[in-house]
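Derivation of every value follows stated rules applied to the coordinates shown; laboratory data play no part. Values in this document were obtained by computation on a predicted structure and should not be read as measured data. Heads up, the Cβs are rebuilt from the backbone with ideal geometry, glycines too, and the neighbour counts pull from every protein chain shown.
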Amino acid sequence: MSTVQEIETALRRLTPAEMRAVRDWLDDVIEDELEFTPEFAAKIARSDREMTEGAKPRTRQP
């Protein structure tokens, strides 16, 4: 059995609250490894302009 399969099996045993905690942790780990690229900076600037202009902000849905 691969490590990924073992993790998937273990995750299926978690409560919904525990799964959310794991998801939050994974989000943090992934975010920490992202690079601040010029493309990402441009997306942030565009989002700032949209919010200033009154556009409805977009949020990530769980």
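Do any chymotrypsin sites (Phe, Trp or Tyr not before Pro) in the range 2-49 lie in a DSSP loop with no more than 10 other beta carbon atoms within 10 Å, and if so, which?
F36
Can you give the FRET efficiency for E6 and D32, using 1/(1 + (r/R0)^6), R0 = 25 Å, r = Cβ-Cβ distance, to the nearest 0.05?
Efficiency at R0 = 25 Å is approximately 0.55.
Work out which GluC sites (Glu not before Pro) in the chain are exposed loop sites (DSSP not H, G, I, E or B, at most 14 other Cβ within 10 Å) and give the longest gap free of them. Each step should come with its number before you reach the end.
Working: sites that count: E35, E53.
Answer - 1-34.
Before rounding to the nearest 500, sum -39500 (n - 2.57) across all DSSP H runs of length at least 4 in the chain and divide by the residue total; then give [θ] at 222 nm in deg cm²/dmol.
Numbers: 3 runs with 43 residues, N = 62.
The helix-only estimate for the chain comes to -22500 deg cm²/dmol at 222 nm.
For the pair R49 and T15, how long in nm is the line joining their label points, each one 7 Å along Cα→Cβ?
It works out to 4.7 nm between the two label points.
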